[in-house]
1. Starting with the fewest neighbours, write out His169, His149 ranked by other beta-carbon atoms found within 10 Å of each beta-carbon.
2. For labels at Gln290 and Glu251 in the simple 7 Å Cα→Cβ model, what's the distance in nm?
3. Measure nothing fancy, just the Cα-based angle from helix 286-302's long axis to the longest principal axis of the chain, in degrees from 0 to 90, nearest 10.
4. Can you check what the net charge comes to around Arg19, using other residues whose Cβ is under 14 Å from the Cβ of Arg19 (Lys, Arg +1; Asp, Glu -1)?
5. Using each residue's phi in region 60-65, evaluate 6.51 cos²θ - 1.76 cosθ + 1.60 at θ = phi - 60° and report the 3J(HN,Hα) Karplus result to the nearest Hz, with x for Gly and Pro.
6. Pick the calculated Cα extents along the principal axes in Å for this structure from [x] 90, 45, 32; [y] 60, 43, 41; [z] 88, 72, 38?
7. What GluC sites (Glu not before Pro) in region 220-303 are in a loop by DSSP, with at most 12 other Cβ atoms within 10 Å of the Cβ?
8. Return one number: the angle in degrees, 0 to 90 and rounded to the nearest 10, between the long axis of the Cα atoms of helix 196-207 and the longest principal axis of the Cα atoms of the chain.
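What follows is calculated from the coordinates using simple rules that are stated; it is not laboratory data. Treat the numbers as computed from the prediction; the structure is a model and nothing was measured. Reconstructed Cβ throughout: ideal geometry from the backbone, glycine too, with neighbour counts over all protein chains shown.
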Amino acid sequence: MTPNELFIELSQMAKEHIRCSVMIWGPPGVGKSSIVEQVATANNMQIIDLRLSQLAPTDLRGLPVAKDGISSWYPPSFLPKDGEGVLFLDEINMAPPAMQGVAQQLILDRRVGDYRLPEGWLVWAAGNRKADRAAVFDMPSALANRFLHYEIDADINDFKSWALRQGLHEEILGFLLFRPSLLHKNDAKQLAWPSPRSWEMADTLYKAGLSIAPAVGDATAAEHAGYRAVFERLPDLEAILAGDAKVEFPEEPSARYAVVLGLAMRAQDAAQVGRALTWLQKGASGEWIQLFLSDAMTLFRERGRIGELLSVLNSEPAFKKLAAELRDMMVS
């Protein structure tokens, strides 16, 4: 499933307080941990990120203390005592089998030693797959059978929606829309390779005027540099948004992605969106107009200005069909 589909699934589980333990599988850098954090935040829940690979069995079970001739286990301070939240066992299959064995009781019975997990807490876990060449242990079948299992992979549409909301640079996002296969490409021969996580780091480097190679690798950085040359030949986007453009919609696919995304990201009000649409309708096919409108919708929704956008579209006869399509997109 896609990251957004997983977000929706986990959000519903949190809302209904389904106490079945969850195991999320996916390649490194796809955003497993981020999704769990986003779900917890959206549902006003606490989150405790517990890395079992960094603990010994006694760290989780607690310390035995004798009192009145009876040994009791004093639980560790990092386990929750009250309230509601998610106990997140990240990278669980990096923990050795002995540690995973101790975690079984916590995952199934919601207790370990003398400790009991409060009723308001959910147990979710995540880990990388062996197929992704991650340094992980096999998960014992008895432990695996205690989980609901979800598997996610990188998705360019999910990443684009997130990137638009986060304000990633248009020359980073435009490149990925042109070369979506480079959103996630694990290369065992390289220390740096592209993933949603490393593209976020690359964006930070790029905005600082630095090379993105340390984040995504030399080969991917070289491809991105070639794409950057496209921007030198782009039409004047500010002139298009002002309604003063005399140029035509470009022929080269990479330039088309750059223009459509650049217009959506630079449009500050609905009037500019209208001018961009007027220009696009003169030379762009429907798929490019839809792509522009979809991106503009994402950004205006984030700004709480969808109504303003619909109003401008409805005011122009040539845009009324687009306004209807926009409403359908919002419903879907």
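1. The fewest-first ordering by Cβ neighbours comes to His149, His169.
2. 2.5
3. Between the helix axis and the principal axis of the chain, the angle is about 50 degrees.
4. +1
5. 8, 5, x, 9, x, 10
6. Computed from these coordinates, Cα extents along the principal axes in Å corresponds to label [x].
7. Hits after loop and neighbour filter: Glu248, Glu251.
8. Its long axis makes an angle of about 50 degrees.
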